[in-house]
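A.B. asks: Submitted below is the structure of interest, expressed as structure tokens.
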Amino acid sequence: MAEVWSMQNINDPLYRAKFVNCPDIIEDWLSEHGGLAGRDVLEFGCGEGTMSLGMALRKETRRVVGVEILDVLKQCLHLARREIRLESLPANLDLFQITPGQQLLQFGQFDLVYSWSVFEHVSQDLLAQVLSSIKAVLKPQGLFFLQISPLYYSSNGSHMGPWVKEPWAHLSMQEDAFHRALLTAAPTPANVRSEWSVYIPIEADTPTERAALWDTYITLNKVTATQLCRMVREAGLEIVRDYRTKTDAAVPPHLAEIYQEDVLTTEQIVLLMRRA
Ligand SMILES: C[S@@+](CC[C@H](N)C(=O)[O-])C[C@H]1O[C@@H](n2cnc3c(N)ncnc32)[C@H](O)[C@@H]1O
């Protein structure tokens, strides 16, 4: 039976971005490669599973599997009930909690694997393993779409911009001063807390919230666009399309003395890949 749901009353702009905009962007990227209809799709690092749900309900995909290391994927139906009035998750969607670096072949083989704002969070020592396990689940003509924003060395690469506003503060400030600035920053606005719901339980007090933010910051892997492209090639993937966006912010002279300008200003990378 077809699921009953409606996008008319979506209240949370982030929910709309994940349920509507991100799947639309990926569909657009896939338009020259046969689109999404009838495809088997894997989302790597699906968080609360909202994007996977959008893929399953809105894109005529055959099967969508979302995998995630945190148990936040249990929130998928709760959020969908609130935002799109969905009663139960569709039969073509499966969400699984995995361990970091777990092989993915048990979930099947896929026409498309995608990951959105995930790869900067994958532990450095697991990056190569994760890339090769994604390659292993691609069907022969399968594609891998990967998006990262913001990259670590860009102006908000710390992900801590809502609390420590100075661009590139994480590269400029002494580490203990940066930590103090985060701990003493103004209370987090409700919309920002909602955007961080994957990492910070909504009921968390301020010390718990700041500890979770610091943990998120110190576990970023610092990968650059150039390094990522090298690593995907080393994993046996061929880059079909490479799209990057840059910040408008002016690079402070003291950072230009240390880092390559291109590394500091490249904010986002989007790659489409296939088996080499
Ligand atoms: C910023 S969130 C993005 C979640 C989701 N893609 C979205 O846009 O809503 C990053 C996610 O990557 C997940 N993640 C980090 N390392 C991972 C790994 N090794 N395997 C799977 N997921 C991972 C995190 O647990 C987190 O849910």
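The values are calculated or read from the model by the stated rules, or taken from the named source; none is laboratory data. Everything quoted here is computed from the prediction, not taken from an experiment. Backbone-built Cβ (ideal geometry, glycine too); neighbour counts: all protein chains shown. For the accessible areas, the whole protein counts, side chains as well, though only heavy atoms, and no ligand, DNA or RNA atoms are used. Shrake-Rupley method; radii C 1.70, N 1.55, O 1.52, S 1.80 Å.
A.B. asks: Starting from the Cα of LYS74, draw a straight line to each of the lysines and keep only those under 20 Å, dropping any in the same chain fewer than 8 residues away.
C.D. replies: LYS18
A.B. asks: Sort ILE25, ILE239, ILE84, ILE218 by accessible area with a 1.4 Å probe, largest first.
C.D. replies: The most accessible residue leads, giving ILE218, ILE25, ILE239, ILE84.
A.B. asks: Along the principal axes of its C-alpha atoms, what lengths does the chain span, in descending order and rounded to whole Å?
C.D. replies: In descending order, the Cα extents are 58, 44, 32 Å.
A.B. asks: For segment 75-198, what class follows from the C-alpha gyration tensor (a ≥ b ≥ c being the square roots of its eigenvalues): rounded when a/c is under 1.5, otherwise prolate if a/b is larger than b/c, else oblate?
C.D. replies: Since a/c reaches 1.5 but b/c is at least a/b, the shape of segment 75-198 is classed as oblate.
A.B. asks: Would you work out the relative contact order for the chain, in percent, from Cα pairs under 8 angstrom that are 6 or more residues apart?
C.D. replies: Computed over the chain, the figure is 18 percent.
A.B. asks: Can you send over the carbon and sulfur percentage of the accessible area for the chain, probe radius 1.4 Å, protein chains only?
C.D. replies: Of the solvent-accessible surface of the chain, carbon and sulfur hold 51 percent.
A.B. asks: Just to confirm a number: summing +1 for Lys and Arg and -1 for Asp and Glu over residues other than TRP116 whose beta-carbon lies under 10 angstrom from that of TRP116, what do you get?
C.D. replies: 0
A.B. asks: Heavy-atom accessible area per residue, the chain, 1.4 Å probe: how many Å²?
C.D. replies: Ligands and nucleic acids excluded, the result is 48 Å² per residue.
A.B. asks: Okay, next question. Counting only the heavy atoms of the protein chains, how much of THR208 is accessible to a 1.4 Å probe, in Å² to the nearest 10?
C.D. replies: Taking all protein chains as shown, THR208 has close to 70 Å².
A.B. asks: If you don't mind, there's one more thing I want to ask. For segment 151-199, what's the radius of gyration and Dmax over Cα atoms, in angstrom?
C.D. replies: Radius of gyration, then largest Cα-Cα span, for segment 151-199: 11.0, 29 Å.
A.B. asks: Could you please report the charge total around ARG58, scoring K, R as +1 and D, E as -1 over all other residues with beta-carbon less than 10 angstrom from its beta-carbon?
C.D. replies: Working: positive: LYS59; negative: ASP24, GLU27, GLU60.
Surrounding charge for ARG58 is -2.
A.B. asks: Roughly how many Å is it from the Cα centre of segment 7-40 to that of segment 149-165, as a whole number?
C.D. replies: Using only Cα atoms, the two centres lie 25 Å from each other.
A.B. asks: Using a 1.4 Å probe on the protein heavy atoms only, what accessible surface does ARG63 show? Give it in Å² to the nearest 10.
C.D. replies: So the heavy atoms of ARG63 present about 80 Å² to solvent.
A.B. asks: Another question, if that's okay. Go through LYS246, LYS59 and list them by solvent-accessible area, largest first, probe radius 1.4 Å.
C.D. replies: Greatest to least solvent exposure: LYS246, LYS59.
A.B. asks: Based on DSSP H runs of at least 4 residues, each adding -39500 (n - 2.57), what is the mean residue ellipticity at 222 nm of the chain after dividing by all its residues, to the nearest 500 deg cm²/dmol?
C.D. replies: -9000 deg cm²/dmol
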